[in-house]
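The structure under discussion appears below in the form of structure tokens.
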Amino acid sequence: MWNDNKLIKMFDILKTSPQLAEAPVVFFMSTVGDGPLRVLMSTILSLRTKDEVTGPATVRLFDVVTTPKDISNLAVEEIEKLIYPVGFYKTKARQIHKIAQILQDTYDSKVPADLDLLLELPGVGRKTANLVMAVAFEEPAICVDIHVHRISNRLGICSSKTPEETEFYLRENVSQDIWMEFNRPLVALGQVICRPISPKCELCPIEKMCDKVIVKKLKLKRGEK
């Protein structure tokens with residue numbers, strides 16, 4: 001049974017594990033800072049893009065801009081050049097430009113500290129909105145990406161089919177006090193050890209806490225014991 005105390009113990013182990021200190025997410029988060037605009041834009045850039053690519057792109061963009069007005073004053077093509085080679089950079093450049101205009105026109109050039117309003121912005125899904133709420137505004141939020149979703153199921157914390165299902169399960173079953181603990185340590189674990197295919201269970205610092213639910217199914221498909 002996973003309770004808050006067991007989860008806290010797991011997070012403490014992961015956060016102090018030297019194996020995860022060089023995970024790409026650690027570098028990426030160091031480039032994000034705590035400004036709501038920077039957190040929002042960097043998280044949009046991170047979608048379907050490796051953290052080691054997103055970090056430098058975030059730095060390049062914010063070396064040039066600091067406000068929504070600065071972004072609005074750039075041509076979309078200029079934004080494309082700054083954020084390349086993030087995935088879908090052309091689409092993201094248009095989204096970033098449009099978001100900057102909306103923030104200027106509707107929110108007095110401020111990022112709204114409201115999950116529902118964030119979700120109305122172009123290209124902003126639950127992962128992005130929750131990360132902005134947690135990191136930029138320090139409001140209770142669970143940012144569930146593919147790593148958090150996969151590992152939560154492997155550990156046996158939940159049994160869900162989509163990241164959104166995982167998020168809502170965790171919201172209902174985990175204390176708000178530790179919602180914000182989920183993302184970074186589990187993403188680091190997923191990037192370095194708990195891979196989608198052939199996870200390195202023998203290297204995992206929390207192996208003894210893991211039910212290996214999906215891992216067992218993968219091994220059976222491959223004919224492994």
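Please treat every number below as a calculation from the coordinates, not as lab data. For clarity, every value in this text was computed on a predicted model and none was experimentally measured. Virtual Cβ from ideal backbone geometry, glycine too; neighbours counted across all protein chains shown.
Here are a few things to note about the model shown:
- Near V65, no amide H atom lies under 5 Å from its own; only residues 5 or more places off or on other chains count, and H is placed 1.01 Å from N.
- Against the compact-protein benchmark of 2.2 N^0.38 Å, the Cα-based radius of gyration of region 24-136 scales to 0.94.
- Simple label model, 7 Å out from Cα along Cβ direction - Q176 to T91, nm: 3.4 nm
- In terms of the mean number of neighbouring beta-carbon atoms within 10 Å, the peptides 39-46, 126-133 order highest first as 39-46, 126-133.
- Extension gain, E164-E22: 0.36 nm per intervening residue step, less the Cα-Cα distance, totals 48.3 nm.
- Modelled spin-label separation between V76 and A113, with each label point placed 7 Å from Cα along the Cα-to-Cβ direction: 3.3 nm.
- Estimated inter-spin distance, E52 and T67, nm [label 7 Å along Cα→Cβ]: 3.8 nm
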